[in-house]
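Here the structure is laid out as structure tokens; the discussion comes afterwards.
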Amino acid sequence: MSASVGRRIFAHICSNHLKSLPARTRTIRFSSVGRNNSLKLEDNATNGMPVSEPGKISAAVLKKFSDPLVLENLEVPKILQTNEVLVDVRYCALNASDALLSKNLYKFEPTLPMILGYEFVGKLIQVGEEAKKQGYNVGDKVVSLNKERYGGLAEQCIAEVSDVWKVPSGVKSVDAVSILDDYITALIALERKVSIQEEDMIFINVGMSNVGLAAVDLATNVFKAQVISVCASEEGAALAREKGVLASFKFKDRKLLKQIEEIAAEKDIKAIFEGVDGNHFKKMLNCFTNIYKSDAMIQDLLRDDSFGVVVHHLSREGRVIIAGTTAPVKDNDSEPSKDSFTVSGFDLTEYRKKKPEIYRQAGDEVLEFMEEGMITPTNALNVELPKVNNALEHIFKSKSPGKVIVDIKCR
């Protein structure tokens, strides 16, 4: 997402005149700051919001990797394309990718400065002609997944209409901002990759992933499957239990198999651990749980492109699905062995490009499930915009899943 930095501020959030460049390398334009601002930019991280300026908006800007975000007054963005909308942002969710980007630990390196935050909720204040044709109007309450543009940690943000959904009247904004990214990812993976069914038993490696916890919620309360989950912390395991799972554990290398075997014995499916099939199941399970032994464990557990699924078929016992966070897999040119298996990975950003209709449909379904009370997002922390750096720090320090929400309007 370069321009001179110094005493200059963001003029147009993810400006569309840069659309000819790849989305992840777009330049951010800055304009001059008034000299009479009573708060110096370098003091913003500790002193809170800058003094308001007429005709400008507040935003948290990432200027240097691993440094605190800087709170600044920016020019009001204007939509340039007919398929764009301008959202007056109420809440922005901080996701793991935002935290990794802030330290340059993500899968791509952005051009700084940039504004983090791609999942946000608010009301439409400008609507392009194409967006109007699709039924969007000024005043509509919407939730957006701006995964190509980011920019949600600002009072106003531009999004493409294809990445915007209307929020049902019965859904609160603070809940709507917590739902789409994680639940769309989990829903498509469970529906499209393994066609999860009511009689399935599914093992979900939550780790510390919000996507994993969303998969627990969907598998338990929408698909009515029998769920066993493992998490990086006891707090995470407790959150999974609140969703109604069959069992949930904190990962302990030498105890996990024994814990699962005990559950299998209770359900009279202990055959999944016997013979050749049993060894195959353990091999697949290790593919997911080896992430806890990774040298870069926290970074790997936070990645939003590491959700995978695999099915273990049993001749008489049905089948067991293993899903959740996996360690990054390196390409291997060697011939696969006869007992090998393939983990079907899932990356929502790439899926959006390849199958936009399914992406849109999944968002509609998730919001319907939420409106009907079938699923409930888990919020771990709500902070005001001046405390945005505390929110980023929480993501790295907490080993428990749960959304971190920034109240953009509250100073």
- Query: Any residue at all in region 289-302 that is modelled with pLDDT of 70 or more, open to solvent by 50 Å² or more (accessible area, probe 1.4 Å) and closer than 30 Å to residue 160 by Cβ?
  - Reply: yes
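Mind telling me which of the residues 130, 119 ends up being open to solvent by less than 10 Å² (accessible area, probe 1.4 Å) and acidic (Asp, Glu)?
Details: 130 fails: open to solvent by less than 10 Å² (accessible area, probe 1.4 Å).
Checking each option against the conditions leaves just 119.
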- Task: Being of a type in the set (Gly, Ala, Ser) and either surrounded by 18 or more Cβ atoms within 10 Å (Cβ to Cβ) or at pLDDT 95 or above (or both) is the filter; apply it to region 156-174 and report the residue that is nearest to residue 72 (Cα to Cα).
- Result: 159
- Query: Which condition number does residue 177 fail, the rest of (1) open to solvent by less than 10 Å² (accessible area, probe 1.4 Å); (2) touching a helix residue (DSSP H, G or I) at 6+ places or on another chain (Cβ under 7 Å); (3) of a type in the set (Val, Ile, Thr) being met?
  - Reply: (2)
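Among the candidates 123, 132, which residue alone is modelled with pLDDT of 95 or more, out of contact with any helix residue (DSSP H, G or I) (no Cβ under 8 Å at 6 or more places or on another chain) and closer than 16 Å to residue 408 by Cα?
On the way: 132 fails: closer than 16 Å to residue 408 by Cα.
Exactly one residue qualifies, and that residue is 123.
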- Item | Residues being more than 21 Å from residue 65 (Cα to Cα) and part of a strand (DSSP E or B) - total across region 363-411 | 9
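Being modelled with pLDDT of 75 or more and crowded, with 16+ Cβ neighbours inside 10 Å is the filter here, so list the residues in region 260-277 that pass it.
Looking only at region 260-277, we keep the residues that are modelled with pLDDT of 75 or more, and these are 260-263, 266, 276.
Hits for region 260-277 are 260, 263.
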- Restricting the search to region 214-244, which residues are modelled with pLDDT of 95 or more, among the aliphatic types (A, V, I, L, M) and open to solvent by 10 Å² or more (accessible area, probe 1.4 Å)? 222, 238, 239
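For residue 66, state whether it is hydroxyl-bearing (Ser, Thr, Tyr) and open to solvent by 10 Å² or more (accessible area, probe 1.4 Å).
Working: hydroxyl-bearing (Ser, Thr, Tyr): yes; open to solvent by 10 Å² or more (accessible area, probe 1.4 Å): yes.
Criteria met by residue 66.
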- Query: Are any residues in region 228-244 more than 21 Å from the chain's Cα centre (by Cα) and under 19 Å from residue 370 (Cβ atoms), and if so, which ones?
  - Reply: 244
- Report yes if some residue within region 345-356 is in a strand (DSSP E or B) and within 21 Å of residue 323 (Cα to Cα); otherwise report no. yes
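Using the structure shown, decide if residue 84 is buried (at least 20 other Cβ atoms within 10 Å of the Cβ), over 30 Å from residue 206 (Cα atoms), of a type in the set (D, E, K, R) and out of contact with any Asp or Glu (no Cβ under 9 Å at 6 or more places or on another chain). Give the derivation first.
On the way: buried (at least 20 other Cβ atoms within 10 Å of the Cβ): yes; over 30 Å from residue 206 (Cα atoms): yes; of a type in the set (D, E, K, R): yes; out of contact with any Asp or Glu (no Cβ under 9 Å at 6 or more places or on another chain): no.
Criteria not met by residue 84.
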- Item | Residue in region 310-356 that is modelled with the lowest pLDDT, counting only those that are among the polar types (S, T, N, Q) and touching a helix residue (DSSP H, G or I) at 6+ places or on another chain (Cβ under 7 Å) | 344
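The values are calculated or read from the model by the stated rules, or taken from the named source; none is laboratory data. Keep in mind it's a predicted model, so treat the numbers as computed, not measured. Neighbour counts run over all protein chains shown; Cβ positions are idealised from the backbone, glycine included. Protein only, heavy atoms only, side chains kept; ligands, DNA and RNA dropped before computing areas. Shrake-Rupley method; radii C 1.70, N 1.55, O 1.52, S 1.80 Å.
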